[in-house]
Amino acid sequence: MFLGLIFLGFLVVPSFTDMVKIILMFFTSLVLTAGGYLLNRRYANNFTKALLGTGLGAFFISIQMTHLYFNALNEIATFAFLLVWMAASFFIARQTESLLVAIVAHAGMVFSVCAGYSVGISDEKVLLLLVYQLVSTVLIVVGNLFCCKKMYRFGLFASLFLTVFASVVMWSYFMGSGASFHSSLAVPLIAGAFVIQFLGSSFLSYLLFVSIVRTKNSGVQIPLQMLNLLLWLLALGVDIALLLGKLYLVLVNPASAFPFETYESIPLALAVCLALVYGVAFLIVLLRRKLTFDSSLENFTVLFLVIASCLALVIQLTVNWFDSVRLLYPFAYSQDPSSSINIDLSPSILYFIVPMLACVAFYRLTRSQLFIYSALVCGAIDAAHLFLSGYGELTRVGTAGLSFGYLLLLLAAGFLLYRITKDRQHFAEVFKIWMLVVFEVSATSIAVFHSGQRGIEMLLYTQAFLLIVLLIPLLVLRFIKKDTPASFFRVNEFCVILLACLMLSSYGENGPLLPVAFVYGVAILLALFLVFDRLRRLAFQSALALRDPSYPFPRTNSDILSAIAIHLLGLSAIQNLTSLFDLSFSFSFFNMVLALVIVGCGFWTRARWMRLYGLVITLLCVLKLVLLDVGGLDAPMRVVAFIGGGIICFGISALYNFAVKRFKERED
C-alpha cells in the first residue's frame, strides 16, 4: 500500500501547485496523527503508537519542507511552529505513555538545531538561533521531567551535545582572519553569544551530574560522568578559551595578521579556564555533602578535572614552544631569511605546581590519599621539566632569582603537602630526601643555565656560590640533627664534595681571581666542617660503645668516603688556590701530610678503613718520592725531600703504634 502511494505521488504530485502540495503534506500528517491518537486511546498497542509517531514525524517533515524547499515560511514562523510541535509531542507522549513519541520529539529537536546552524548561519540569524536553541532545550528538559522521565538523561546529553555543536559552528563562522571577527555585529554581542552557550552547557552539565548521582546502576555512573565532563570541557575550550584569545587580539593587538596571538593571550585564557575547572571540582566536593553520593564518583570527577588542567598546561607549553620557533626563527615560515622579530616570549614551562597545590587542597577536603599521590606526581613532573629546560626558560626571560623563586615555591608546596599528610611520620624521610634532591639538582641546573651565556669570571662566581648554596641545607639538617638516613647523607655529601673538586679544577685553569678564590675557600671550609663534624659524631659513638658494652659500635665501613673527601678537598684546594705544587716533590709531600691527617682521623673514630686508606696513600707517596720525584733535584733538595718524607713516615708509624697500644689498654 505504501509503495503504491509513493508511486502515485510520483505520478500525481508534479502536476500540483506548491500550495496544494503543502496542504496535502499537512493534511496527510493530520490524518496519521489523529488516527494514531484515537486508535491509541482505544486500542493501545505497538501499531497504534507507531502510527502516532509516524504522524508526528510527518508534521515535523512538513514544517521543514515548507520552510526549506517551498520557502513558504520564514525563520521566525518555522521556529515557532517547531516549538509548538515539540510541546504538543510531549503532551501527547504523556497522554499516551508512548516512549516512541518522546523519541520523535528528541529527534526533531536535534535535527532542527543542527539544520538551523548548518544550513546558513548569518548575523541576522544568530539571535534567532540562540533563542530557538534555548527554548527548545527548556522544552526538552521540562518535557522529559514531567512527561517522559525515561528520556530525561538522554535529553540532557542531547541538549549538551547540541550546545557544543552550536558553539563550534558559531566559532567557525565568527573566527575570521587577523585581529577581527568575521561579522558586522558588535564585539560584545558576539562575546555574549559564546558566554550564553557556555552558561547553558554548564547548567546542563550540572543537571546531568545530579541525574547521574541518582541513577540506581552504580556501574554506569563513572562512564556517564566521563562523557559529561568531556562535553563540558569542550564547551569550555570553545566558548571561553578561544574567545579570550580572540578578544585579546582584537582589543590589544589589532594589527596582527594571525587569528590568535597565543604567546600573549594564552596566560589569560589559561588562568580563567583553570579557575573554572578547579571551581567546578570544589563544587563537586561541596555537593557530595548535600547529595551524599559515592566517594569514588567524587574522586574520579575531581581527578579527571585535575588531569584536564594538566593537559591544558601541556598544551600551553606546546603552543609556547611553537610560538618561540615562529617568532624567533621567522625565516622558517617565510622566504625572507633576513626577517626577524624582536619580542619577549613568556617562559615555556609546565607550571605543574598549580595542579599540585590543587591536589593539596582537595586532600584537605576529601582526605583521600589519591590526591597525595597525584600531588607528588605533579611535583615530580614539574621538577623534572624544570631541570631539563624550565629553569633555562625562566632565566632567559628574567634572572636566576626568578628561577630560585619558583624553586622555593615548589619546595614550599612539597613541605605543605608533607605537613598535611596523615601519618606523616612514615613519610618523613621520603619527603626530606625528595625535597633535598630536588633542591640540589634544581640549584645546579639554575647555575648551569645562568652562567651558560656569560663570561668566565661570572661562571666561576656562579660555581663558587653554588657550592655554598648546596652545602647550606646539609649544614642546617646537620645542626638540627635531621640528617637521616645516615647512609644517604654520607653519599650526598660526598657527591657535593666531588662536584666542588671538579669546579675547583675549572678555576685553576683560568688563573688567579682573588674574590672568586675567597668564595671557593669558604665553600671548602664548609665542606671540611661537614666531614669533620661527621667524624666527631662517629668518634663520640665509638667512645660511648667502649664505656658502655650494651651500646653497639657504629658501622665504619662507609667512612672511607670521608677519607677520600678529605684527600680530594685538600689536594684540590692546594693545587688550584695556591702555587705550592710547583716543586716536583711537593705533590708527594702534601699527599703524605693528608695521609697523616686521615690516619689520625681513623684512630680518632676507630675507623679501620680510614687508617688503611691513609697507609696506602703513604706507601704510594714514598714510592713516588724515591723513584720519580728526587731524580731531577740537586743534592741538598734530595736530602730535604728524603728527611721530610722520613719524618712523616716516622710520625705515621709512631701514631699507629701509640694508638694500637692505647686500644689494647682500654680493651684490657
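State whether the residues of the range 20-30 include one that is in a helix (DSSP H, G or I), within 19 Å of Phe90 (Cα to Cα) and of a type outside the set (Val, Ile, Thr).
yes
Among the listed residues Ile284, Ile266, identify the single one that is among the aliphatic types (A, V, I, L, M) and either at pLDDT 90 or above or closer than 30 Å to Arg153 by Cβ (or both).
Ile284
Which one of the conditions (1) touching a Ser or Thr at 6+ places or on another chain (Cβ under 9 Å); (2) surrounded by fewer than 18 Cβ atoms within 10 Å (Cβ to Cβ) does Phe146 fail to meet, given that it meets all the rest?
All conditions pass for Phe146, except number (1).
Picking from Leu242, Leu199, Leu208, which residue would you name as being under 21 Å from Val126 (Cα atoms), of a type outside the set (Asp, Glu) and touching a residue at least 40 places away in the same chain (Cβ under 8 Å)?
One residue alone meets the criteria, Leu242.
Taking the options Gln64, Gln95, name whichever one is of a type outside the set (Val, Ile, Thr) and closer than 20 Å to Ile23 by Cα.
Checking each option against the conditions leaves just Gln64.
When you go through (1) modelled with pLDDT of 85 or more; (2) farther than 25 Å from Val110 by Cα one by one for Gly9, which number turns out not to apply?
Just one mismatch for Gly9, condition (1).
Conditions tested, residue by residue: (1) touching a residue at least 40 places away in the same chain (Cβ under 8 Å); (2) surrounded by 15 or more Cβ atoms within 10 Å (Cβ to Cβ); (3) assigned to a helix (DSSP H, G or I).
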position: Ile468; (1), (2), (3): yes, yes, yes
position: Pro473; (1), (2), (3): no, yes, yes
position: Arg478; (1), (2), (3): yes, yes, yes
position: Ser487; (1), (2), (3): yes, no, yes
position: Val491; (1), (2), (3): yes, no, yes
position: Val496; (1), (2), (3): yes, yes, yes
position: Ala500; (1), (2), (3): yes, yes, yes
position: Ser505; (1), (2), (3): yes, no, yes
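Quick check, is Leu207 assigned by TED's automatic domain parsing to the domain that holds Val110, closer than 28 Å to Ala93 by Cβ and surrounded by fewer than 21 Cβ atoms within 10 Å (Cβ to Cβ)?
no
Just the residues that are in a helix (DSSP H, G or I) and modelled with pLDDT under 85, please, taken from the range 551-570.
Asn557, Ser558, Asp559, Ile560
Contact list please: Cβ distance under 8 Å, first residue in the range 68-83 and modelled with pLDDT of 90 or more, second residue assigned to a loop (DSSP other than H, G, I, E, B), pairs at least six apart or on different chains.
Sorted first by the residue in the range 68-83, then by its partner, the pairs are Phe81/Leu73.
The values are calculated or read from the model by the stated rules, or taken from the named source; none is laboratory data. What you see is a predicted model, and the numbers here were worked out from it, not measured in a lab. All Cβ positions, glycine included, derive from the backbone under ideal geometry; neighbour counts span all protein chains shown.
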